Structure formats: C-alpha cells, structure tokens
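Step one of this worksheet: look at the structure below.
The values are calculated or read from the model by the stated rules, or taken from the named source; none is laboratory data. Treat the numbers as computed from the prediction; the structure is a model and nothing was measured. Remember, those area values only see protein heavy atoms, side chains included, never the ligands or the DNA or RNA. Shrake-Rupley method; radii C 1.70, N 1.55, O 1.52, S 1.80 Å.
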Amino acid sequence: MEIISTNDAPQAIGPYSQAIAIDKLIFTSGQIPLLPNGDFLLGDIKEQTKQVCENLRAVLIAAGSDLEHVIKTNVYLSDMSLFAEFNEVYGGYFAHKPARSTVAVKELPRGSKVEVECVAIRKN
C-alpha cells in the first residue's frame, strides 16, 4: 500500500490521504472545490466541478496515472437539479465514460455543491 500526496492538489482536511495505491489500483479520496492552497472556490456548479476535476487530475498524476485511466467515479451533488450542468463539465474531462454513481446528499464539506472520488489504474 502506498500513500499518494501532492502539493498540486489541496491537502486533506481530515485524517485521510489524498489517495491510496495498491499495485495498479489507485483510490482517491473525495475532492471538493478547494484550490491547491486550501482556499475554497466559491462559484457555480460548473466552476466547482472544473476545480474538482483538476484536483483529481493532480492526485492521479502524482500516483502515476491520469484521468483517462479512471475506471469508476462516485459523484455527490448537493442538489440533483445540478446534474445537467455538472455533466457538461464532467463530460469534457471523462470522454471515455468510466462507470459512475451519482447521488444527491443533504450536505457536503464546506458547503460544496459537488464532491467526486474515483478509482483508476496506473499507466504502464
């Protein structure tokens, strides 16, 4: 087991790692729209989704992978009415269409509109 950490994505805001790698599999923690310096990105769902995807990209690169090697995502939205706008941005990052679950939740950390976690494989 390998703990993945990078300064190109926000540090964990609790007792967890940015990601864990086991052999070729990478499991990221959920990313919310924090800037790499830890500041929360205020903005609409599209802006927040973009930051979340950029954070995931940075963590995956640190682990020896990238967004194209994501096989599963779990998406948490603060309101399912954000689904279509979220998909507009998400689709630009995940053209290969990994498996995905999307659920609406009552509340997300720091009042975020979106949180995304993923499972990816390392590049050869």
- Mind pulling the angle between the C-alpha long axis of helix 83-93 and the longest principal axis of the chain? Nearest 10 degrees, somewhere in 0 to 90. 30
- Query: DSSP beta bridges in the chain, what fraction antiparallel, as a percent rounded to 5?
  - Reply: 75
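For the chain, what is the calculated [θ] at 222 nm in deg cm²/dmol (nearest 500), taking -39500 (n - 2.57) for each run of four or more DSSP H residues and dividing by its residue count? Display every interim value, and only then the final one.
On the way: 2 runs with 29 residues, N = 124.
Helix contribution divided over all residues of the chain: -7500 deg cm²/dmol.
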- Message: As a test question: what accessible area, to the nearest 10 Å², does Leu41 have when a 1.4 Å probe is rolled over all protein chains in place?
- Response: 40
- Query: Of Ser112, Ser17, Ser101, which has the most accessible area and how do the rest follow, probe 1.4 Å?
  - Reply: Ser101, Ser17, Ser112
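Could you order Lys106, Lys97, Lys24 by accessible surface area, starting with the largest, using a probe radius of 1.4 Å? It would help to have the intermediate numbers written out before the result.
Numbers: Lys106 195, Lys97 170, Lys24 100 Å².
The ranking, largest first, comes out as Lys106, Lys97, Lys24.
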- Query: Top to bottom by accessible area (1.4 Å), largest first, where do Tyr93, Tyr16 land?
  - Reply: Tyr16, Tyr93
- Task: Just read off the accessible area of Arg100 with the full protein assembly in place, 1.4 Å probe, to the nearest 10 Å².
- Result: 80
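Taking only protein heavy atoms and a 1.4 Å probe, what accessible area per residue, in Å², does region 2-121 have with all protein chains in place? Don't skip to the answer; put the middle values down first.
Details: 5950 Å² over 120 residues.
Per-residue accessible area for region 2-121 comes out at 50 Å².
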- Cα gyration tensor of region 2-121, axes a ≥ b ≥ c as square roots of the eigenvalues: rounded (a/c below 1.5), prolate (a/b > b/c) or oblate? oblate
- Item | Proximal lysine pairs, the chain, alpha carbons under 22 Å, eight or more residues apart or interchain | 16
- Query: Is the shape of region 16-79 rounded, prolate or oblate, going by the alpha carbon gyration tensor and its root eigenvalues a ≥ b ≥ c, with a/c under 1.5 for rounded and a/b larger than b/c for prolate?
  - Reply: prolate
- Item | Alpha carbon centroid spacing (whole Å) that separates region 2-45 from region 66-103 | 16
- Cα-based helix-to-principal-axis angle, 45-62 vs the chain, degrees rounded to 10: 10
